[in-house]
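Asker: Here you go, one structure.
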Amino acid sequence: MMRQRQQKIVEYVSRVGIASYDDLARLCGVSPFTIRRDVSYLANARLLAKIKGGAQRIETPSRFREAQLQKRMQINVRQKQMIADKALEFVQPGDTIFLDGSTTIACLARALAPLGHNITVVTNSVIVSLELSEASNIRLIGLGGIFDRETYSFVGFDTDAHTNSFYIDKAFFSCTGLIPEEGTFENAAFNRNTKRLIAQKANQVYLLIDFGKLGRRALNHVLQTEQINVLITDKPLPQSCRDILAEKDVQLYVAGKGK
């Protein structure tokens, strides 16, 4: 009931912009004290902002906003396909894998569909689900939650609950940017918690990024570099970056070139 109530709060505040504690208490049928506690929890999770007397939608500065999904699907297509082809080498029959909602991982899903591997794919992405919808050999598990229109993914509380019930062999992520000393960064705020939770559940974490994302920072810090087991990219990285990744036990692969 608490998860349902908190999800209702986030959806309502996202829709109206600002809501008082009294408004939210009437909406949920609980006391203002309970609502204050919920809002504090949600503010700590950066799902909304806590203000005097209520809650406010988090407004993302324009420079941090993701490009529309359709436009991002058309950027660096060849590089993404090369990276996806390399990532295919790490998927084995019988694996249970997670695929995130990024456009690079959508290319991986498209490449996986015709292979005939008997695998289980866990995803919160509508795009990935559509790419795999006709692959009868792939058991497809979709995670629920709040629909994020920026990434065409479901994120939030139901996702967190469901991921506790299964084991992930390999998680495949992309990101907005990677700082080798610090880790991965995302613009979409809701995706942060989902990726962190999946990374904790996965035996191996694979990060798939094109060279242009190296050194880029975005709104949300998501994963520490130490949480990444394998990095696959499309161009050789500078020696300084390779040294940092080696120190943090990250295996590096360049698509078309091996390690």
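Asker: Say we look at the range 1-28 and pick out the residues that are closer than 16 Å to Lys52 by Cα and of a type outside the set (Asp, Glu); which of these is surrounded by the fewest Cβ atoms within 10 Å (Cβ to Cβ)? Spell out the reasoning first.
Answerer: Filtering the range 1-28 down to residues closer than 16 Å to Lys52 by Cα leaves 13, 17-25.
Narrowing the set further to residues that are of a type outside the set (Asp, Glu) leaves 13, 17-21, 24-25.
Values: Val13: 23, Gly17: 10, Ile18: 14, Ala19: 23, Ser20: 15, Tyr21: 18, Leu24: 23, Ala25: 18.
The selected residue is Gly17.
Asker: Just wondering, is there one or more residues in the range 210-223 that are at pLDDT 95 or above and either under 15 Å from Phe98 (Cα atoms) or exposed (fewer than 14 other Cβ atoms within 10 Å of the Cβ) (or both)?
Answerer: no
Asker: Out of the residues in the range 236-257 meeting the condition of being of a type in the set (D, E, K, R) and within 24 Å of the chain's Cα centre (by Cα), tell me which one is farthest from Leu178 (Cα to Cα). Write out each step before concluding.
Answerer: Narrowing the range 236-257 to residues of a type in the set (D, E, K, R): 242-243, 247-249, 257.
This time we only want the ones that are within 24 Å of the chain's Cα centre (by Cα), so: 248-249.
Working: Lys248: 14, Asp249: 16 Å.
Per the stated criteria, the residue is Asp249.
Asker: Filter the range 196-212 for residues that are hydrophobic (A, V, I, L, M, F, W, C) and out of contact with any Leu (no Cβ under 8 Å at 6 or more places or on another chain); which is nearest to Val250 (Cα to Cα)?
Answerer: Kept after step one, since they are hydrophobic (A, V, I, L, M, F, W, C), are these residues of the range 196-212: 197-199, 202, 205, 207-209, 211.
Adding the requirement that they be out of contact with any Leu (no Cβ under 8 Å at 6 or more places or on another chain) leaves 197-198, 202.
Numbers: Leu197: 19, Ile198: 18, Ala202: 15 Å.
If we take residues in the range 196-212 being hydrophobic (A, V, I, L, M, F, W, C) and out of contact with any Leu (no Cβ under 8 Å at 6 or more places or on another chain), then Ala202 is nearest to Val250 (Cα to Cα).
Asker: Report, by residue number, each residue of the range 118-149 that is crowded, with 19+ Cβ neighbours inside 10 Å and not in a helix (DSSP H, G or I).
Answerer: Residues of the range 118-149 crowded, with 19+ Cβ neighbours inside 10 Å: 119, 121-125, 127-129, 131-132, 138, 143, 145, 148.
Answer for the range 118-149, where residues must be crowded, with 19+ Cβ neighbours inside 10 Å and not in a helix (DSSP H, G or I): Ile119, Val121, Val122, Thr123, Asn124, Ser125, Leu132, Ile138, Leu143, Gly145, Asp148.
For every residue, the table says whether it meets (1) assigned by TED's automatic domain parsing to the domain that holds Lys195; (2) over 13 Å from the mean Cα position of the chain (by Cα); (3) not hydrophobic (A, V, I, L, M, F, W, C).
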residue	(1), (2), (3)
Gln92	yes, yes, yes
Ile105	yes, no, no
Arg110	yes, yes, yes
Ser133	yes, yes, yes
Glu150	yes, no, yes
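The values are calculated or read from the model by the stated rules, or taken from the named source; none is laboratory data. Everything numeric in this text was worked out from a predicted model, so none of it was measured. Glycine also receives a Cβ, built like all others from the backbone with ideal geometry; neighbour counts cover every protein chain displayed.
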